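The values are calculated or read from the model by the stated rules, or taken from the named source; none is laboratory data. Model, not experiment: these values are computed from the prediction. Neighbour counts are summed over all protein chains in view; Cβ atoms, including those assigned to glycine, are modelled from backbone coordinates with ideal geometry.
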C-alpha cells in the first residue's frame, strides 16, 4: 500500500513514517522535507498546506491512504490546522483517494468539554480541530477515521489504550502512533471518531471492540 503522511516532520509524524515504512511504501509529506531521515521504503515529498487544492492534489497521485498529522503548534491555526486540513480532504476527493485518517484532539467535536483540564487553555486550537473534524465527517465521502487523543507525552509506549473516554487523559506519543498504524489495517475503524488515552487494553483489541 502507498501511504502519504502529511506532517511527517512533527513529533507524531516522524515516528509514524518510520513505523509505517516497515509495512508500506510511504511518502513523507511536509513543507520542509527532512533529508536526514534515512528510513527505508519511503521518500520525501514537498507539500505546502498554504497552497491551493489543485497543487496539493498533485502530490496525491497513486496514493492509497492519507494520514493528516500536521499542526502549526498554535502559530497558524486557521490556515494549517483548519483550512489546510480541509484542503487535503478536498484534494483527496479530487484525485479519488478514499482512505483518510485524521489526528485530532480529545473532545474536539464536544465543545461542552472544552473547559476541562488542559483543554481550557487551548480554545482556539479546539475550535480549529472542531471544524476540521466536522467538515470531514459531514461534508466528504471519504472513508475517514478520526483519532482524538488527549495530551501527548514523551513517554515509553505500553501498546495499551482506553477508548471509553470520559475525561481528557494523557497519551504516550508511541501509543498514539501505534494506534494510527493499527487503524489503517482495521476496517472497523472506518467512519469512526475514536477518543483515546493510555489504558489497559491492547490496541488491536480496543479497536476491535469499537461499535
Output the residues belonging to the range 170-184 that are over 16 Å from residue 68 (Cα atoms) and surrounded by 18 or more Cβ atoms within 10 Å (Cβ to Cβ).
171, 172, 174, 175
Between 52, 81, 40, which is modelled with pLDDT of 90 or more and either surrounded by fewer than 16 Cβ atoms within 10 Å (Cβ to Cβ) or more than 22 Å from residue 176 (Cβ to Cβ) (or both)?
52
Just wondering, is there one or more residues in the range 185-204 that are crowded, with 19+ Cβ neighbours inside 10 Å, touching a helix residue (DSSP H, G or I) at 6+ places or on another chain (Cβ under 9 Å), at pLDDT 95 or above and part of a helix (DSSP H, G or I)?
yes
Would you check if residue 14 is out of contact with any helix residue (DSSP H, G or I) (no Cβ under 8 Å at 6 or more places or on another chain) and modelled with pLDDT under 95?
yes
Residue 60: over 26 Å from residue 197 (Cα atoms), within 17 Å of the chain's Cα centre (by Cα) and either assigned to a helix (DSSP H, G or I) or touching a residue at least 12 places away in the same chain (Cβ under 8 Å) (or both), yes or no?
yes
Search result, residues across the range 63-78 that are within 23 Å of residue 183 (Cβ to Cβ) and either at pLDDT below 95 or in contact with a helix residue (DSSP H, G or I) (Cβ under 7 Å, 6 or more places away or on another chain) (or both):
65, 66, 67, 68, 69, 70, 71
Given the criterion modelled with pLDDT under 95 and under 12 Å from residue 193 (Cα atoms), identify the matching residue among 106, 165.
165
